[in-house]
2 protein chains.
Amino acid sequence: MLKQINFNVKIDKDKYKVLKDELEGKLGVLQRKIKDLKIPVMILFEGWDAAGKGTLINDLMLPLDPRSFSVNCMKEPNYEEINRPFLWRYWETIPEKGRLSIFDQAYYQDLFNKDILKKNQREKMIPEINDFEKTLSNDGTVIIKFFIHISKKEQKRRMKKLLDDPVTAWRVTKTDLKENKNYDRLLEKLETILLQTDTFAGPWTIIEGEVRHYALIKIYQVIVKRLEKAVQKAENSVKPIYKPLITENDDPLRTKILEHVQTNQEMDKITYHKERKLCQKRLRELEYEIYQKRIPVVLAFEGYDAGGKGGAIKRVCKNLDPRGYQVHPTAAPTTEELNHNYLWRFYKNIPKCGHVEIFDRTWYGRLMVEPIEGFCTQVEYDRAFSEINAFERQLTDFGAIVLKFWMQISYDEQERRFKEREANPEKQWKITDEDWRNREKWGAYSVAVDRMILKTSTEKAPWIIVEGDNKYYARIKVLKAIISAIENKIKEQNC
Amino acid sequence: MLKQINFNVKIDKDKYKVLKDELEGKLGVLQRKIKDLKIPVMILFEGWDAAGKGTLINDLMLPLDPRSFSVNCMKEPNYEEINRPFLWRYWETIPEKGRLSIFDQAYYQDLFNKDILKKNQREKMIPEINDFEKTLSNDGTVIIKFFIHISKKEQKRRMKKLLDDPVTAWRVTKTDLKENKNYDRLLEKLETILLQTDTFAGPWTIIEGEVRHYALIKIYQVIVKRLEKAVQKAENSVKPIYKPLITENDDPLRTKILEHVQTNQEMDKITYHKERKLCQKRLRELEYEIYQKRIPVVLAFEGYDAGGKGGAIKRVCKNLDPRGYQVHPTAAPTTEELNHNYLWRFYKNIPKCGHVEIFDRTWYGRLMVEPIEGFCTQVEYDRAFSEINAFERQLTDFGAIVLKFWMQISYDEQERRFKEREANPEKQWKITDEDWRNREKWGAYSVAVDRMILKTSTEKAPWIIVEGDNKYYARIKVLKAIISAIENKIKEQNC
């Protein structure tokens with residue numbers, strides 16, 4: 001891609017002015033359409049040091065309406081960022097629907113700049129980037145990627161010019177000079193990376209950065225073209241049909257999982273309290289160990305209403321140092337959250353190294369309530385299995401422990417608990433008409449959950465089904481599962 | 001996926017009969033619709049030894065119209081097959097549009113069965129399989145994958161039953177018995193493989209193989225559901241618009257590659273003949289070496305009409321042992337070829353180890369003539385870059401040398417050659433009105449070819465641009481490029 005670039009390009013001055021005016025006009029119109037049609041747009045600028053990324057971004061910003069774009073300039077990751085998977089900070093900044101996010105270097109810098117990165121690390125990052133872009137693109141995000149290219153000679157010339165002027169000399173660092181020295185070797189590496197990340201979801205455009213006017217017009221044209229295409233697609237697309245996708249009678253011969261769960265396990269109060277205390281003590285010790293060993297932990301809880309999620313989470317946290325963990329209840333998404341990819345609000349809360357994040361309901365809403373209530377389309381639902389597996393793989397590849405608990409109770413036990421809640425003034429808040437309505441969809445949930453457990457239970461991020469009719473039994477099972485997963489991980493690390 | 005399966009499933013006899021009749025009726029109707037709508041369908045059966053795959057396939061065949069399905073039973077690869085990438089023999093058997101291909105074990109057996117396969121080999125095969133299924137699915141192929149699952153105990157019981165009867169004892173091999181012994185270890189491996197290949201394009205359905213009636217009904221239901229979905233999609237889809245996608249004025253600021261090629265290189269006749277003889281002698285030696293070293297070689301030639309492809313190919317082959325190479329001219333696709341994925345006809349001809357296959361025009365038609373003439377849709381065109389890169393990566397990962405020559409001549413030189421052909425009675429057959437018409441699209445071709453070279457020139461499968469106005473120069477450049485690529489590969493192997 002870079003090797004074929006010839007810098008012998010030009011655009012004459014008069015033509016430049018005419019084209020610039022014309023394209024800026026189009027950009028303005030398109031930006032408004034993008035907003036109306038709620039299309040998110042990401043524009044990435046990558047390139048050599050001294051290639052002129054900053055200048056070009058400044059030029060591009062001028063004709064845009066500042067109310068609906070933002071520029072992200074992300075340099076060295078900070079402490080919070082370095083302690084999470086490298087894409088985390090970019091997930092934070094993905095554009096809201098209808099907005100443009102411009103990146104003065106994004107996740108590719110993590111691939112490009114670090115000589116320290118070993119080849120096998122890079123090879124792991126590339127599929128993660130491709131998955132990330134595909135997830136966003138599937139969801140309608142337009143991803144436009146520019147690589148601003150200059151030759152070794154031109155880079156040297158520019159650096160020299162900066163160094164010669166005392167006002168600008170500070171801008172050229174030792175790393176920059178080293179980049180110029182190693183230009184040819186780096187070029188080979190870049191070529192491979194660009195080719196491997198030049199995808200249908202996120203294609204690259206190489207910009208001849210030596211000729212500024214030419215570069216700007218080319219950038220304008222590519223953006224106009226991609227946005228026009230997206231606008232046309234959005235205008236012509238059939239309005240998606242939102243309707244319940246899963247019913248009780250759906251797929252009666254599916255693999256049945258929940259049906260075979262013996263929810264009526266037993267445990268008496270005395271055993272429970274004895275075991276609980278032992279487990280909580282051990283968990284506190286382990287919390288300290290994972291902090292020392294920098295292991296992140298994700299605990300995800302799902303289950304039928306009144307299935308015992310809250311009670312179990314309370315017992316997990318009971319003895320923990322509150323600086324080391326956090327509980328995230330998941331309510332209906334806010335408007336801001338609806339304006340982003342559905343994984344966005346969860347990605348924000350993934351743990352940093354050594355911390356525990358507990359989710360009371362999770363991203364699995366996309367595979368349960370959303371298809372059952374008709375909040376997502378068939379394609380969004382079908383695609384979510386691999387998107388969620390990719391999301392969790394990113395966490396486990398980073399070294400996180402990921403455990404997913406399904407709290408299963410019997411249909412009768414749920415009724416008993418609902419009625420008990422209604423009868424008890426202190427618990428009345430916990431039960432609403434909504435809960436009774438959901439109960440009518442018990443069958444549809446069984447279908448959705450069976451499929452979900454079948455398709456997203458992976459070796460490193462397994463579903464643990466908790467037999468929940470007896471709360472004592474259920475809580476101890478959860479505690480022991482967490483303890484054993486952490487102990488195994490520590491053992492594995494010590495090997 | 002397998003671990004969650006519970007074999008405690010049943011279907012009562014009366015219900016079975018009703019459902020079977022109903023589903024067989026539906027299957028018949030759907031098969032006709034599939035044929036009319038030209039949808040290709042692949043149905044894969046994988047599973048444990050003695051799981052009953054064969055019986056289930058036989059049952060499935062009964063209600064189908066034999067004129068539009070075929071069953072492929074592919075066991076150990078033969079000599080031709082083992083000397084090519086493992087997916088080759090499956091490419092050969094992909095279904096034609098409107099037909100069903102049923103596989104009694106397909107490419108997954110290469111992953112599942114071989115204990116000898118090392119983990120890293122398997123990890124390379126999985127992305128290849130996923131790419132393969134995605135390429136076919138993008139093109140409209142419905143991919144239905146069944147894994148017939150039985151427990152260790154049941155497998156043992158069935159094997160014992162076979163062994164006890166002298167008539168069937170021969171069917172149980174030592175490998176089968178070993179599989180049962182290692183069942184648990186294999187289960188872990190299978191679980192990982194199934195999860196990693198459970199994609200949007202090719203989702204898995206696990207079949208409870210212990211209960212035959214239940215299994216059959218489940219298989220029927222899944223097929224009916226998938227086909228109904230595909231039929232509905234095809235019936236509702238907007239007819240694709242076929243129109244020229246690339247014009248001369250398209251994307252004037254694109255990376256220009258051809259424009260900078262100095263086509264007017266020089267070489268005199270005497271130098272040419274001297275060099276040619278040396279090169280041809282050396283190439284003959286190398287042909288023997290690659291045969292010895294089992295290296296497959298792909299030489300692909302593209303270029304403007306009268307660009308010198310034929311002449312160059314002739315000089316390459318001049319001295320070669322005809323048993324070691326073959327030339328494949330690429331004409332307009334036949335109906336049979338049009339009824340398959342566009343890569344199918346090229347995949348058929350990839351070289352086996354130690355052989356050279358030369359393509360006079362290639363799969364790059366999808367990136368040149370097809371978008372220019374409007375023979376493919378925009379999405380098909382956009383997707384083809386990564387599909388072709390994946391196709392070539394499969395070859396180079398297998399160890400093949402892949403060289404792609406672009407024969408570039410100037411616009412004036414083409415005119416001169418066209419006129420010369422018209423004037424020479426012996427060469428008149430080489431020039432048609434079609435050629436003059438294509439010449440008018442020179443500009444559009446430049447746009448398409450620039451983009452093609454930019455996006456598909458990879459380190460291991462590079463494009464070599466040949467300055468072609470002087471035929472002598474061009475031919476020697478081609479010969480030397482081939483020689484040096486083979487020499488480098490041999491050097492690399494010797495390291």
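The values are calculated or read from the model by the stated rules, or taken from the named source; none is laboratory data. Please read these numbers as outputs of a predicted model, since none were measured by experiment. Ideal geometry is used to build each Cβ from the backbone, glycine not excepted, and the neighbour counts take in all protein chains shown. Quick note on the areas: whole protein, heavy atoms, side chains included, nothing else; ligands and nucleic acids left out. Shrake-Rupley method; radii C 1.70, N 1.55, O 1.52, S 1.80 Å.
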Top-ranked residue of the range B:394-411 - restricted to ones that are open to solvent by 20 Å² or more (accessible area, probe 1.4 Å) and under 19 Å from B:Glu302 (Cα atoms), ranked as nearest to the other protein chains (Cβ to nearest Cβ)
B:Ser410
Unmet criterion (only one of (1) away from every other protein chain (no Cβ under 14 Å); (2) crowded, with 21+ Cβ neighbours inside 10 Å) for A:Gln265:
(2)
Give the number of residues within the range A:266-292 that are assigned to a helix (DSSP H, G or I) and touching a residue at least 60 places away in the same chain (Cβ under 8 Å).
15
Which residue is farthest from the chain's Cα centre (by Cα), if the candidates are limited to the range B:195-215 and must be crowded, with 22+ Cβ neighbours inside 10 Å and more than 10 Å from chain A (Cβ to nearest Cβ)?
B:Glu210
Residue count, the range A:106-124 (criterion: open to solvent by 20 Å² or more (accessible area, probe 1.4 Å) and either modelled with pLDDT of 70 or more or closer than 17 Å to A:Gly47 by Cβ (or both)):
6
Counting only residues that are out of contact with any Lys or Arg (no Cβ under 7 Å at 6 or more places or on another chain) and hydrophobic (A, V, I, L, M, F, W, C), give me the helices (runs of 4 or more DSSP H) lying completely in the range A:309-396 with at least 3 of them.
A:309-317
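Is it fair to say B:Gly47 is at positive phi and under 30 Å from the mean Cα position of the chain (by Cα)?
Values: at positive phi: yes; under 30 Å from the mean Cα position of the chain (by Cα): yes.
Against the criterion (at positive phi and under 30 Å from the mean Cα position of the chain (by Cα)), B:Gly47 qualifies.
Here is a yes/no grid of residues against (1) in contact with a helix residue (DSSP H, G or I) (Cβ under 7 Å, 6 or more places away or on another chain); (2) open to solvent by 60 Å² or more (accessible area, probe 1.4 Å); (3) away from every other protein chain (no Cβ under 14 Å):
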position: A:Ile148; (1), (2), (3): yes, no, no
position: A:Glu154; (1), (2), (3): no, no, yes
position: A:Leu162; (1), (2), (3): yes, no, yes
position: A:Asn180; (1), (2), (3): yes, no, yes
Identify the residue in the range B:225-255 that is within 12 Å of chain A (Cβ to nearest Cβ) and touching a strand residue (DSSP E or B) at 6+ places or on another chain (Cβ under 9 Å) and, among all such residues, is surrounded by the most Cβ atoms within 10 Å (Cβ to Cβ).
B:Thr255
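Can we say B:Phe146 is touching a Phe, Trp or Tyr at 6+ places or on another chain (Cβ under 7 Å) and at pLDDT 95 or above?
For B:Phe146, the condition - touching a Phe, Trp or Tyr at 6+ places or on another chain (Cβ under 7 Å) and at pLDDT 95 or above - is met.
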Selected residue (only one of A:Val356, A:Val369 is free of Cβ contacts under 8 Å to residues at least 12 places away in the same chain and over 14 Å from the mean Cα position of the chain (by Cα)):
A:Val369
Sole miss for A:Asn339 among (1) touching a residue at least 24 places away in the same chain (Cβ under 8 Å); (2) within 30 Å of A:Pro40 (Cβ to Cβ); (3) surrounded by fewer than 16 Cβ atoms within 10 Å (Cβ to Cβ) is condition (3)
Residues satisfying the stated conditions in the range B:363-412, i.e. out of contact with any Leu (no Cβ under 9 Å at 6 or more places or on another chain) and over 24 Å from B:Asp250 (Cα atoms)
B:Ala390, B:Glu392, B:Arg393, B:Leu395, B:Thr396, B:Asp397, B:Phe398, B:Gly399, B:Ala400
Run B:Glu387 past the list (1) under 19 Å from B:Gly140 (Cα atoms); (2) open to solvent by 20 Å² or more (accessible area, probe 1.4 Å); (3) charged (D, E, K, R) and report the number of the one that doesn't hold.
(2)
Just to check your reading of the model, which residue among B:Ile241, B:Ile246 is of a type in the set (A, V, I, L, M, F, W, C) and touching a Gly at 6+ places or on another chain (Cβ under 9 Å)?
B:Ile241
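Only one of B:Thr199, B:Thr205 is assigned to a strand (DSSP E or B), closer than 16 Å to B:Ile144 by Cβ and not hydrophobic (A, V, I, L, M, F, W, C). Can you tell me which? Before you say what the answer is, go through the steps one by one.
Details: B:Thr199 fails: assigned to a strand (DSSP E or B).
Exactly one of B:Thr199, B:Thr205 is assigned to a strand (DSSP E or B), closer than 16 Å to B:Ile144 by Cβ and not hydrophobic (A, V, I, L, M, F, W, C), namely B:Thr205.
Is it fair to say B:Met452 is out of contact with any strand residue (DSSP E or B) (no Cβ under 6 Å at 6 or more places or on another chain) and among the hydrophobic types (A, V, I, L, M, F, W, C)?
Details: out of contact with any strand residue (DSSP E or B) (no Cβ under 6 Å at 6 or more places or on another chain): yes; among the hydrophobic types (A, V, I, L, M, F, W, C): yes.
Against the criterion (out of contact with any strand residue (DSSP E or B) (no Cβ under 6 Å at 6 or more places or on another chain) and among the hydrophobic types (A, V, I, L, M, F, W, C)), B:Met452 qualifies.
When you scan the range A:310-327, do you find a residue that is among the aliphatic types (A, V, I, L, M), free of Cβ contacts under 8 Å to residues at least 40 places away in the same chain, farther than 30 Å from A:Leu278 by Cα and open to solvent by 40 Å² or more (accessible area, probe 1.4 Å), even just one?
Keep residues of the range A:310-327 that are among the aliphatic types (A, V, I, L, M), which gives A:312-313, A:316, A:320, A:327.
Narrowing the set further to residues that are free of Cβ contacts under 8 Å to residues at least 40 places away in the same chain leaves A:320, A:327.
Keeping just the survivors that are farther than 30 Å from A:Leu278 by Cα gives none.
No, there is no match, as no residue in the range A:310-327 is among the aliphatic types (A, V, I, L, M), free of Cβ contacts under 8 Å to residues at least 40 places away in the same chain, farther than 30 Å from A:Leu278 by Cα and open to solvent by 40 Å² or more (accessible area, probe 1.4 Å).
Please report, ordered by residue number, the helices (runs of 4 or more DSSP H) entirely within the range A:70-170 with at least 1 residues that are under 17 Å from the mean Cα position of the chain (by Cα) and touching a residue at least 60 places away in the same chain (Cβ under 8 Å).
Numbers: elements: A:79-82, A:88-92, A:107-112, A:119-138, A:152-164.
Ranges flagged: A:79-82, A:88-92, A:107-112, A:119-138.
Considering only residues that are among the β-branched types (Val, Ile, Thr) and open to solvent by 50 Å² or more (accessible area, probe 1.4 Å), look in the range A:1-37 and name the one that is nearest to the other protein chains (Cβ to nearest Cβ). Give the steps one after another, and end with the answer.
Initially, the range A:1-37 is screened for residues among the β-branched types (Val, Ile, Thr), giving A:5, A:9, A:11, A:18, A:29, A:34.
When the remaining residues are screened for being open to solvent by 50 Å² or more (accessible area, probe 1.4 Å), the result is A:18, A:29.
Values: A:Val18: 13, A:Val29: 20 Å.
Top of the filtered list is A:Val18.
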